[in-house]
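Engineer: Have a look at this one before I ask anything.
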Amino acid sequence: MARGRGRALRALVLGALAATAFVSGAGFVSGARAQALSELSCKALWYQRNAVYAEQGYCFKTKDAIATFGARCYAPFGKLTPDQQRYVNEVQAWEARKGCR
């Protein structure tokens, strides 16, 4: 993914995140989060899911993921907190509903 498109996608997803009413330390407000996720494209859902792993230092292997999130990897190497795992599961459920690959 070209850097310009990556920035545009990040801006789109960050806007969607702002609409989810993040509550510090408690995760996302589920009703707003579900509505925001339902409105995202497959590409934006992919970004959303992988951004959580990137925050946790996951070592990406695909060209698209490395181009978007970088080749950096660090501890805890993608190990998610329970809240993060619930969120990733929710994103994956939306990806399945939408038929994303």
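Only the coordinates and a few stated rules stand behind these numbers; no lab work does. This one's a predicted model, so the numbers in the text were calculated from it and none came from an experiment. Every residue, glycine as well, gets a Cβ built from its backbone with ideal geometry; the counts of neighbours run over all protein chains shown.
Engineer: Rounded to the nearest 0.05, what FRET efficiency do Ala96 and Ala75 have when you use their Cβ-Cβ distance and R0 = 30 Å?
Structural biologist: Once rounded, the FRET efficiency stands at 0.50.
Engineer: Moving on. Relative to the compact globular guide of 2.2 N^0.38 Å, what is the alpha carbon radius of gyration of the range 52-101, as a ratio?
Structural biologist: 1.23
Engineer: Let me ask something additional. Suppose each label sits 7 Å from its Cα in the direction of the beta carbon; what would the Ile66-Lys43 distance come out to in nanometres?
Structural biologist: If labels sit at Ile66 and Lys43, their model points lie 2.1 nm apart.
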